[in-house]
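Trainee: Mind having a look at this structure? Questions to follow.
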Amino acid sequence: MVDHSRAPILEALAAYHASGQTPFTPPGHKQGRGVDPRVAEVMGMDVFRSDVLATAGLDDRQSTGGIVQEAEELMAHAVDADHAFFSTCGSSLSVKTAIMATAGPGEKLIIGRDAHKSVGSGLVLTGVVPVWVDPTWDQERQLAHPPSVEAFAAALEAHPDAKGVLVISPTPYGTCADLSGLTRVCHEHGRPLLVDEAWGAHLPFHPDLPTWAMDSGADMCVTSVHKMGSALEQSSVFHLQGDRIDPALLKARSDLLNTTSSSVLIYAALDGWRRQMVEHGHAIYDRALALAHHVRAAVNDIDGFHVYGRAEYGHLTADMDPLQVVIDISATGASGYVMADWLREHHQINMHLSDHRRISAQLSHADDEKSAEALLSALRDLATHAADMPAAEVRVPGDLRLEQVIPPRDAFFAEIEQVSVDEAAGRISAEMLTPYPPGIPAALPGERLTDDVLTYLTTGLRSGMVIPDAWDSSLKTIHVVKD
């Protein structure tokens, strides 16, 4: 029998405190004794008290206690995976590791083009060559959903030498791929399915949430437990099953990128989250889903606002996470960027994401009637001021897809030049240009820029879009591969 009432890392941390250890190791603050009192006043001493080394601290020098390994085994059992590996560098790094564990320099990986910027970074670092699969474009809502199973199947047929498939599900907007169908197609071709499930750490713990990657038969998924769970920022977990990806190989690739100074604070929070979900997850999400249903209905009653629901997507997406409350505000004529800024300034409400025609509130198991009412009250007030807000001037073209002319790594490290944005159309981008959030690049290194995409970005920037990874944040110039 597996005892999920245990939390090995938390127990070891309590034992460390009780045993009166005196460290002559990092961290240099020595459990907070060296911290500036002004820092402790804001952050609290308990954070520093529990910030200890994982080895020669929480465990002994040789890790003979196997504390982290035991916690990872409990995590894997909790979600019906064969293996789980904790990472303290966020899923941005975990996705890079997943790429490295599947394909090598010059080898192909089939990827949905709605991938997060971390995937683009992974391609630059690894030299893996992407075979892009177009998302399912929702023309009515001007929104990209995960690519269809048929689109991935066609890519596998056209590129039998590809080493695997990577899909993002759920998207930051909460829509989901048909992971069961995609698993079947991948396995028919003898290829692994990798799922960037950063927004889905909660999915294994309630039947009314979308089906999670391991239950769909996927070979590997990466989750960000800090996004929808109770872990700290940068908390990430690899989940693995089957024999298409060697766990020893994954661990070796992970060691190339992971820090050698893993945060025990993050490990402990991951350990506690697993125990909380196994013991109470179903009841917790009963409440969270009921609250989400209430919030969705209440927002739909606000004049000019419309919340996207499962039914209206029809065949465009396999499912959606109801905890992502995505609000279409296009009927008001105002920009979602401006609305999000107004909510923060006037009501201290921070929205999950915003774009030219939407704002989104991410609910989680931590929300309650008080936080929900704060959100609804702010949105009702927002609706009364929408007529006074500037309209969105973002020009969204019918085609945002760019041609991948050369591999991302080759373009990123090529000889480059800086050209005016007015002269960039037709040139090959040497940089990533990513509206953030949600963090899906409009242009990747190696893609040929078009007037349509450049107009989308420049009009978006003037309307409040943020493009944090651009070399020139004003977007007056673009870095391109030198002719």
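Trainee: Return the long-range amide H neighbours of H116 (sequence gap of 5 or more, or a different chain), with a cut-off of under 5 Å between placed amide H atoms.
Mentor: Under 5 Å from the amide H of H116 lies no amide H from a residue far enough along the sequence or on another chain.
Trainee: Assuming 0.36 nm per residue, please report the length gained on full extension of the stretch Y436 to R61 beyond their Cα-Cα distance.
Mentor: Taking 0.36 nm per residue and subtracting the Cα distance, the gain is 130.8 nm.
Trainee: Which residue, chosen from V338, T211, H189, occupies the Cα position most advanced towards the positive end of the dipole of the chain, where the dipole is computed from +1 (Lys, Arg) and -1 (Asp, Glu) charges on Cβ about the Cα centre?
Mentor: V338
Trainee: Moving on. Could you give the alpha-carbon Rg of the range 276-426 over 2.2 N^0.38 Å, rounded to two decimals?
Mentor: Computed over Cα atoms of the range 276-426, the ratio equals 1.34.
Trainee: Now for a different question. Under a Cβ-Cβ cut-off of 15 Å, what is the net charge of the residues other than S473 that fall near it, where Lys and Arg count +1 and Asp and Glu count -1?
Mentor: -1
Trainee: Further question: Give me the Debye-computed log₁₀ of I(q)/I(0) at q = 0.23 Å⁻¹ for the range 210-282, equal point scatterers on Cα only, no solvent, two decimals.
Mentor: -1.21
Trainee: Students often get this wrong, so check it: of K96/K476; K117/K227; K30/K96, which have C-alpha atoms separated by over 22 Å?
Mentor: The pairs that break the limit, which is 22 Å between Cα atoms, are K96/K476; K30/K96.
Trainee: Using the charge dipole of the range 253-331 (Lys, Arg: +1 at Cβ; Asp, Glu: -1 at Cβ; taken about the Cα centre), state which of I284, M320, S261 has its Cα farthest towards the positive end.
Mentor: S261
Trainee: If you plug each phi of the range 229-244 into the Karplus form 6.51 cos²θ - 1.76 cosθ + 1.60 with θ = phi - 60°, what whole-Hz ³J(HN,Hα) values come out, in order, with x for Gly and Pro?
Mentor: Taking θ as phi minus 60°, the curve returns x, 9, 8, 7, 3, 6, 7, 9, 9, 8, 10, 9, 8, x, 10, 7 Hz for the range 229-244.
Trainee: Still on this structure: Using the Karplus curve 6.51 cos²θ - 1.76 cosθ + 1.60 with θ = phi - 60°, work out ³J(HN,Hα) for each residue of the range 143-158 in order, rounded to whole Hz, and write x for Gly and Pro.
Mentor: Using θ = phi - 60°, the values come out as 9, 9, 10, x, x, 6, 4, 4, 5, 5, 4, 5, 5, 5, 5, 6 Hz.
Trainee: Listed highest first by mean packing, meaning other Cβ atoms within 10 Å per residue, what order do 241-247, 360-366, 143-149 come in?
Mentor: 143-149, 360-366, 241-247
Trainee: Compute for the range 1-111: radius of gyration divided by Kirkwood radius, i.e. Rg/Rh, restricted to C-alpha atoms, rounded to two decimals.
Mentor: With Rg and the Kirkwood Rh in hand, the quotient comes to 1.08.
Trainee: What is the ratio of the Cα radius of gyration of the chain to 2.2 N^0.38 Å, with N the residue count, to two decimals?
Mentor: 1.00
Trainee: Antiparallel versus total DSSP beta bridges in the chain: what percent is that, nearest 5?
Mentor: Approximately 70 percent, going by the DSSP bridge assignments.
Trainee: Scan the range 334-377 for trypsin sites (Lys or Arg not before Pro) in coil per DSSP, keeping those whose Cβ has at most 12 other Cβ atoms within 10 Å, and list them by number.
Mentor: Counting only loop positions with at most 12 other Cβ atoms within 10 Å, none of the trypsin sites (Lys or Arg not before Pro) in the range 334-377 qualifies.
Trainee: What are the ³J(HN,Hα) couplings of the range 123-140, residue after residue, when phi is run through the Karplus curve with 6.51, -1.76, 1.60 and θ = phi - 60°? Round to Hz, x for glycine and proline.
Mentor: 5, 5, 5, 8, x, 5, 9, x, 10, 7, 10, 5, x, 7, 8, 9, 5, 4
Trainee: Name the long-range amide H neighbours of I416: under 5 Å, sequence gap of 5 or more, or other chain; modelled H, no Pro or chain starts.
Mentor: For I416, whose amide H was placed from the backbone, the distant partners under 5 Å are K482.
Trainee: Restricting to DSSP loop positions (anything but H, G, I, E, B) with no more than 15 other Cβ atoms inside 10 Å of their own Cβ, which trypsin sites (Lys or Arg not before Pro) remain in the range 447-483?
Mentor: Taking the range 447-483 and a limit of 15 other Cβ atoms within 10 Å, the loop trypsin sites (Lys or Arg not before Pro) found are K476, K482.
Trainee: For every helix of n ≥ 4 consecutive DSSP H residues, a contribution of -39,500 (n - 2.57) applies; sum these over the chain, divide by its total residues, and give [θ] at 222 nm rounded to the nearest 500 deg cm²/dmol.
Mentor: Using -39500 (n - 2.57) per qualifying helix, the result is -11500 deg cm²/dmol.
Trainee: Any idea how far the Cα center of the range 314-372 sits from the one of the range 442-483, in Å?
Mentor: Here the answer is 25 Å between Cα centres.
Trainee: If amide H atoms are built 1.01 Å from N in the plane of the peptide, which residues on other chains or at least 5 residues away come under 5 Å of the amide H of D328?
Mentor: H306, V307, Y308
No lab work stands behind these numbers, since they all come straight from the coordinates. Please read all numbers here as calculations on a predicted model, not as lab measurements. In this analysis, Cβ positions are derived from the backbone assuming ideal geometry, glycine residues included, and neighbour counts consider all displayed protein chains.
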